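The values are calculated or read from the model by the stated rules, or taken from the named source; none is laboratory data. Keep in mind that what you see is a predicted model, and the values were worked out from it rather than measured. Using ideal geometry, Cβ is built from the backbone for each residue, glycine included, and neighbour counts are taken over all protein chains shown.
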Amino acid sequence: MDVLCGESPMIKDKTRKVACIGSDSQLVEFTTMVDTATFTAAVATDPNPTPKYLRIACDVVSPRDIANVESEVYGAKYQPSYMGPVWVKERMIPLKRLFGGEDKVTNAWQGMQYMTNMYSGVAKAGKLDDDHYPELKWTKLVDLICTDKEKKQNAW
């Protein structure tokens, strides 16, 4: 979920566009690093046995949902920006890898791979275990966007 904040490659504030590959209604699971750490700490300190695999997501939203929340928070119309079908991006990734970037912390093909996995549905976790620790409060998209807006305003 943190990829939606700051200078995000997925949300372009200047053009008010939300990047999407394939359908703008494809549901994507997002989780913040803080919520992941909090959940992990709860699992690590749980005196009861926990399942071998636990799947979590702060929020499950589509690019259209993201655009709607951005529009609501910023008071300006955001729209999904179609970047082509998933299969085209899948074929572009090996070509991008040929041109290097392996020495960079984050390079173009890794971002493409991430978005392709998310928007193809391959990364879908299935049944989520968000309610395994009912006392945990998950960050919702609207809360994240509001906090990011405040940070951006304070930076100006």
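Here are the numbers:
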| item | result |
| --- | --- |
| Those residues of the range 107-127 which are surrounded by 16 or more Cβ atoms within 10 Å (Cβ to Cβ), among the aliphatic types (A, V, I, L, M) and under 16 Å from the mean Cα position of the chain (by Cα), in sequence order | M112, M115, M118 |
| Residue within the range 59-80 that is farther than 19 Å from I145 by Cβ, polar (S, T, N, Q) and in contact with a helix residue (DSSP H, G or I) (Cβ under 9 Å, 6 or more places away or on another chain) present | no |
| Candidate set from the range 107-133 (those that are among the aliphatic types (A, V, I, L, M) and part of a helix (DSSP H, G or I)); member that is farthest from G22 (Cα to Cα) | A108 |
| The range 28-42, subset of a type in the set (A, V, I, L, M) and touching a residue at least 40 places away in the same chain (Cβ under 8 Å), residue surrounded by the most Cβ atoms within 10 Å (Cβ to Cβ) | V28 |
| Residue in the range 44-61 that is surrounded by the most Cβ atoms within 10 Å (Cβ to Cβ), counting only those that are under 23 Å from the mean Cα position of the chain (by Cα) and over 29 Å from P80 (Cβ atoms) | L54 |
| All positions within the range 3-18 that are buried (at least 18 other Cβ atoms within 10 Å of the Cβ) and either at pLDDT 95 or above or assigned to a strand (DSSP E or B) (or both) | I11, K17, V18 |
| Long-range neighbours under 8 Å by Cβ, at least six apart or interchain, first residue in contact (Cβ under 8 Å) with a residue 12 or more places away in the chain within the range 65-85, second surrounded by fewer than 17 Cβ atoms within 10 Å (Cβ to Cβ) and in a strand (DSSP E or B) | S81/K12 |
| Yes/no for K96 being basic (K, R) and crowded, with 17+ Cβ neighbours inside 10 Å | yes |
